[in-house]
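J.: Take a look at this one; I'll ask things after.
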């Protein structure tokens, strides 16, 4: 099977070269259309939690929450 493929490739060098150029062109156009950001988003994910605690002021509630 491999011998037949190699024999065909050697006997039809022009066709194999043309197919390689076509595949390279398709690869280049695919590469150009990839949606890749130049700078990745490295910001931290943040979650805001709103709670109501009766009898405490906001200043009293805030120090009891765990720091990130």
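None of the figures in this text is laboratory data; all of them are computed from the coordinates on show. Small disclaimer: the values here were computed from a predicted structure and weren't measured. Backbone-built Cβ (ideal geometry, glycine too); neighbour counts: all protein chains shown.
J.: Which condition number in (1) assigned to a loop (DSSP other than H, G, I, E, B); (2) surrounded by 10 or more Cβ atoms within 10 Å (Cβ to Cβ) is the one that residue 26 fails?
T.: Failed condition: (1).
J.: In contact with a helix residue (DSSP H, G or I) (Cβ under 8 Å, 6 or more places away or on another chain), at negative phi and not in a loop (DSSP other than H, G, I, E, B), is that true of residue 16?
T.: Values: in contact with a helix residue (DSSP H, G or I) (Cβ under 8 Å, 6 or more places away or on another chain): yes; at negative phi: yes; not in a loop (DSSP other than H, G, I, E, B): yes.
Criteria met by residue 16.
J.: Just give me the residues in the range 29-60 being in a helix (DSSP H, G or I) and surrounded by 10 or more Cβ atoms within 10 Å (Cβ to Cβ), in sequence order.
T.: Residue satisfying the conditions is 60 alone.
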